[in-house]
């Protein structure tokens, strides 16, 4: 029979609030030795319907520590929203200040310098943001937006120095590096939209209450080169309702000295229209698009982490645990594998327990040379370990499978170990030999059974621990 290739199950998707609650609770429990698997919240989540992601989220909402985190998480997210507003207001103040600096004491507005200061700088930053956003494997969302997440995580850690505060700060920082990319980009565009809105508002107020002439000055560029540029900019400005494109005579007058009195309204309108069309409008559209994308965004839990692996074995629906057969010999030929062995990865070795009678708290101690990934006692926990191993980056150099000599190797165990071996090389390690001997078992015969299973499924021969 052909064994189908193992594929990781689709990752669970959660809202940002639920994701943060699950991640913060996981960090607190990991710092305390791992999740509790026999508490009311876990038992209630195990009885619920729905995929594993919803069960983990339900457990986080019901868990006493998770409930205590609900308030700080809500305040942290509210702080992020306040940070977006503060960034837009700060941009508005800076834009107004930049516009104020353009209005000299001689009542002449240099259009060239105004466009360079108020439009070229935000456009350059937009181009840099677009380059970083489209760059392969980049996660940047812009400096102003990233500052929002750094501030939120820093405040969470500063105002709550407990384990709960540190866990929430770590979850916020991780969310900011990955899931918060859209919101960070929205914050960046809101900052520059505020900058341009502040400049537009200040200039509009100044043009209403004060009289200005306009000029276009340049030390390096001559009128022959500048005239076509100004004409093209004027045509763009004319796309705004009520704005007319400047004539060649008006452009010539602007380049010679300053605009005549009858052209003041024309050039004021051109300047404001260019700032609105080329500066403010793109930033506003991008900010709205990223805010809407963030509202629809869902995040995946990293199910390869030990805390979630342990919960998966308890929360997933599964048949009764298989304890294996004791005593009888396996059939002559157990089966054959369908997928080749995997090459050793660059990550650290991991260890799994296969139907052990050793207490779970002591299982990890039997493989001190590897990172403990979890125990496989039934179909659900075996599937969860396969998914966790397939999701690990970088791939482990080896998987140390702790197998009990109390169990007779069977086809199901061999197929599962072969699936593990197709992801990372499996090293079989037989333990619980004293318990098998105490029951009158033949350790050599049982080791030979496991050696035959390893040969049938093209695994390395097992090691026997005392």
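Throughout, read-outs are computed from the coordinates displayed, never taken from laboratory work. If you're wondering where the values come from, they're calculated on a predicted model, not measured in any experiment. Here Cβ is always computed from backbone atoms with ideal geometry, including for glycine, and neighbour counts include all displayed protein chains.
Please work out the C-alpha center-to-center distance from region 174-231 to region 424-445 and express it in whole Å. Here the answer is 74 Å between Cα centres. Taking label points 7 Å from Cα along the Cα-to-Cβ direction, residue 445 and residue 205 give a separation of 9.5 nm. If the segment from residue 369 to residue 261 were pulled out straight at 0.36 nm per residue, it would be longer than the present Cα-Cα gap by 30.5 nm.
Please say if region 337-466 is rounded, prolate or oblate, where rounded means a/c under 1.5 for a ≥ b ≥ c the square roots of the C-alpha gyration tensor eigenvalues, and otherwise the choice is prolate for a/b larger than b/c and oblate otherwise?
Values: a/c = 1.77, a/b = 1.38, b/c = 1.29.
Prolate, because a/c is 1.5 or more and a/b exceeds b/c.
Computed over Cα pairs, the Kirkwood radius of region 400-439 leads via Stokes-Einstein (1.002 mPa s, 20 °C) to a diffusion coefficient of 195 µm² per second. Among 253-259, 348-354, 226-232, the peptide with the highest mean count of other Cβ atoms within 10 Å heads the list, and the full ranking is 348-354, 253-259, 226-232. Peptides 108-117, 122-131 ranked from most to least packed by the mean count of surrounding Cβ atoms within 10 Å: 108-117, 122-131.
A straight chain from residue 455 to residue 32 at 0.36 nm per residue would run longer than the Cα-Cα distance by 148.2 nm.
With a 10 Å radius around each residue's Cβ, average the other Cβ atoms per peptide and rank 299-309, 80-90, 43-53, highest first. Mind showing how you got there, number by number?
Details: 299-309: 20.1, 80-90: 17.1, 43-53: 15.3.
Listed from highest to lowest mean packing, they are 299-309, 80-90, 43-53.
By the compact-protein rule of thumb, 2.2 N^0.38 Å, the alpha-carbon radius of gyration of region 269-312 corresponds to a ratio of 2.26.
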